[in-house]
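Asks: Please see the structure below; I have some questions.
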Amino acid sequence: MTAKKLIPKLLIVAFAVAFVVVCFLTGGLPVNSTGTLWSLFPPVVAICLALITKEVYSSLFIGVITGGLLATNFNPIHTVGVVTNDGFISAVSGSAGIFIFLVQLGVIVALLNRTGGSQAFGRWAAKNVKGKLGAMMATFIFGVLIFIDDYFNCLTVGAVMRPVCDKAKISRSKLAYIIDATAAPVCMIAPISSWAAAVSGYAPDGQGISLFCKAIPYNFYSLLTFVFIIAIGVMNFDYGSMKLHELNAENGDLFTSGKEDISEAEEIPATDKGRVIDLILPIVFLIGTCVFSLFYVGRCMGEEWVFNYKDYDASLGFVDAFSNTDATVGLPWGGFIALVAIIIYFVARKLITVKDAMACIPKGFIAMVPAILILTMATALKNTTGLLESSAFVETALANAGSFDKFLPAIIFVVACLIAFATGTSWGTFGILIPIVTAIFPIGDEMGVVAMSACLAGAVCGDHCSPISDTTIMASAGAQCNHINHVSTQLPYAITVAVVSFVAYIISGFIPNWLITLPISIVLMIATLIVIKLITNKKSV
C-alpha cells in the first residue's frame, strides 16, 4: 500500500482511537454542546474526513459517533444507546419508504437493461442527440421537466440519460452534477412539488404557497444554477477537478475512479429485441403512477401526518393534496404499481421471461446498496446532530444580526447554506429559518419576500454541496457515480453560483425589485464564467 493511500486510513484510525481513549479514561466529560456552535461539529467532522480521505462510509460513521458522544457528554455507554437507537434504528425506520423506492427504481433499471430498452434508446440518442452539448441539454431539459420530487428526479433522469451521456463521452461525475443541479433547484421553483409542500408547511397558515410563488424570482441560486449549466455547455469548458474527469471521459474513462463500486450491478445481459418505446412507456407509466400516488396519499394524510385511506378527503384540490402529501409513502406505492405493470408489459412483449424478470430483482437491489448504506449513515448523522439542538444556536445568532437590515438577505443566505451543508437537509433548514424570517419581516413586505427566498436558496445551495445530503446521494446513485467523485467535482461549480448569488442578495437588500436584480445577477453569472474560462485557458497554455 502506498503512503498516499495509507495516510487517509491512518487519519481515520487516529481520530477514532483518540475519541475512544478520551471516553474510557474519563468515563464521561462535563461538556454541554446543546444549542452551541459545537452542535454543528459532528457533520463538519464527517464532511472533512470524507473529503480528505475519499472514504465515505467510515467518515459518516465517525460523524455519527461524534454526535452521540456530544449528545451524552462523552459517556461511552450512553453513546452506544444513542447511536444505535436514535441514530441507526431511527434512520432505517424513518427512511424505509425511500429505501423501498430506491430498490424499485433499481429493479426497473435492471429490467430496462435486460430487455434492451436502454440500449435501444442509447442507439436512437446516438443518431439524434448530437455531441456533448446535445446530451447535456437533453439531460438538463429532462431534469427540469421532472419537478414533482427530487428523489424521483435523480433516479429517473439518471436511468434514462446514462446511456446517452456515455455515448457522448460525458463523465459520470458531470452527469451526476447535472442531475443534482436540476433536482432540488427545479423543485424549489415549482409550486407543485414535494418541496413546495414542505415550505408551505412551515409558513404562516394560508400564506405558504403564496409566499413560495412570490419568492421564485428572487431564488437566485436555483435560477443561476440553470444559467450556469447552459453557459458551461455553450462555452464548452470545465474547471476544477471536473476538468480532469471530462478529459478522462474523452479518452474512454467515464469514471476516473470508483468504477469497481458499480461494475457488478451493470453487468446484465441484454436482448437485442428492445425498442425505444420499451424505455419510454415504462418511464411515462412510472411518472404517472408516482404523480397519482403522491396526489392520492396527500388526500389520505391525517392531522398527525399518518396515511389512512379512511381519512380520504375528496375535497382537496391538486395543489392542496400535494401540499399535504408524504413522498416516503407515495413514491414507493407508485413504484410498486409501476414495477408490476412493467414486468407484465415486458413478459407480454416476450422480451423477458418471468424467471428472468425475477432475476432482475436482486440485480436492482445490488445496484442500490451503496446508496442505501450512505443514506442510512447520513440520516443517522442528522438524527444524532438533531439531539444537539443546533436550531437554538442559529436563532440566537440571527437575532444578533438584526441591526444589519440591508444585508440580512445575504446573511440569511449564508446561514442557510451553512446549516444545510452541515446537516445535509434543506427541509430541516426551512424548519429552522422560515419561522425566524417571518418573525423578523412582516408578511407582504417585499424585503420579507427577498429574505424568504434567501432562506430557500441557501438551503438548496447547502444541500447541493453537502456530501451527506440525501439528494446528493441520490444523484450519485442515479448517475452510477462514485459519491466522493461527485461531491468533489461539483463543489467548485456550486460555490461559484453561491458567490454570485450572495452578491445578488446584497444588491437585493438595497434594491428589492427582482425585475432589476435578476437580470443583473444573470449578467454577473455569465461574466464570472467568462473570466474563469480566460483564467483556465491562460493556465493551460
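Asks: Do the alpha carbons of any pairs in LYS243/LYS350; LYS167/LYS538; LYS130/LYS243; LYS132/LYS382; LYS169/LYS355 sit beyond 32 Å of each other, and which pairs? Don't jump to the answer; show the numbers that get you there.
Replies: Values: LYS243/LYS350 44 Å; LYS167/LYS538 30 Å; LYS130/LYS243 21 Å; LYS132/LYS382 38 Å; LYS169/LYS355 34 Å.
Check vs 32 Å cut-off fails for LYS243/LYS350; LYS132/LYS382; LYS169/LYS355.
Asks: Please list, ordered by chain and number, the residues whose modelled amide H lies under 5 Å from the amide H of ILE146; skip anything fewer than 5 residues away on the same chain.
Replies: The list, which skips near neighbours in sequence, is empty: none.
Asks: For region 482-528 and region 69-117, what is the separation of their C-alpha centers, rounded to whole Å?
Replies: What the calculation gives is 33 Å, centre to centre.
Asks: Please compute the per residue accessible area over region 35-118 with all protein chains in place, 1.4 Å probe, rounded to a whole number of Å². Before the final figure, lay out each step's value.
Replies: Numbers: 2840 Å² over 84 residues.
Per-residue accessible area for region 35-118 comes out at 34 Å².
Asks: Using θ = phi - 60° and the Karplus relation 6.51 cos²θ - 1.76 cosθ + 1.60, list the HN-Hα couplings for region 275-281 in order, rounded to whole Hz, with x at every Gly or Pro.
Replies: 10, 4, 4, 6, 9, 5, 4
Asks: Tally Lys and Arg at +1 and Asp and Glu at -1 over the other residues with C-beta under 14 Å from the C-beta of ILE352: what net charge comes out? Don't skip to the end; give the middle numbers.
Replies: Values: positive: ARG114, LYS273, ARG275, ARG349, LYS350, LYS355, LYS363; negative: ASP272, ASP278, ASP356.
In short, +4.
Asks: Further question on the same structure: With the dipole of region 135-190 worked out from charges on the C-beta (+1 for Lys and Arg, -1 for Asp and Glu) around the Cα centre, which of ILE170, CYS187, ILE141 lies farthest toward the positive end?
Replies: About the Cα centre, the residue reaching furthest to the positive side is ILE170.
Asks: Near TRP514, within a Cβ-to-Cβ distance under 12 Å, what is the net charge of the other residues, with Lys and Arg +1 and Asp and Glu -1? Please list the in-between numbers first.
Replies: On the way: positive: LYS214; negative: GLU446.
Once all neighbours under 12 Å are counted, the net charge is 0.
Asks: Over all pairs of distinct alpha carbons, what does the Kirkwood formula give as the hydrodynamic radius of region 468-538, in Å?
Replies: Working: mean 1/r = 0.0704 Å⁻¹.
This gives a value of 14.2 Å.
Asks: Could you give log10 I(q)/I(0) at q = 0.14, 0.17, 0.22 Å⁻¹ for region 407-541, computed by the Debye formula over C-alpha point scatterers of equal weight, without solvent?
Replies: Once normalised to I(0) and log-transformed, intensities are -0.70, -0.94, -1.21.
Asks: Here's a follow-up. Report the label-to-label distance for ASP356 and ASN537 in nanometres (one decimal), using points 7 Å from each Cα along the Cα→Cβ vector.
Replies: So the label points at ASP356 and ASN537 sit 5.1 nm apart.
Asks: Then there is this: For region 336-342, what does the Karplus curve 6.51 cos²θ - 1.76 cosθ + 1.60, with θ = phi - 60°, yield as ³J(HN,Hα) per residue in whole Hz, taken in order and with x for Gly and Pro?
Replies: Each residue of region 336-342 in turn: 5, 4, 5, 4, 4, 5, 5 Hz.
Asks: Can you classify region 52-182 as rounded, prolate or oblate using the Cα gyration tensor, where a ≥ b ≥ c are the square roots of its eigenvalues, rounded means a/c under 1.5, and otherwise it's prolate if a/b beats b/c and oblate if not?
Replies: On the way: a/c = 3.12, a/b = 2.37, b/c = 1.32.
In terms of gyration-tensor shape, prolate.
Asks: Amide H to amide H under 5 Å from PHE74: which residues, 5+ apart in sequence or cross-chain, H placed 1.01 Å off N in plane?
Replies: Those lying under 5 Å, H to H, from PHE74 are LEU29.
Asks: Something else: Heavy atoms only, probe 1.4 Å: what % of the accessible area of region 72-117 goes to carbon and sulfur, would you let me know? Let's see the in-between values first.
Replies: On the way: 1030 of 1550 Å².
Result for region 72-117: 67 percent of the exposed heavy-atom area is carbon or sulfur.
The values are calculated or read from the model by the stated rules, or taken from the named source; none is laboratory data. Computed from a predicted structure; not experimentally measured. Positions of Cβ are generated from backbone atoms using ideal geometry, with glycine treated the same way; all protein chains shown enter the neighbour counts. Remember, those area values only see protein heavy atoms, side chains included, never the ligands or the DNA or RNA. Shrake-Rupley method; radii C 1.70, N 1.55, O 1.52, S 1.80 Å.
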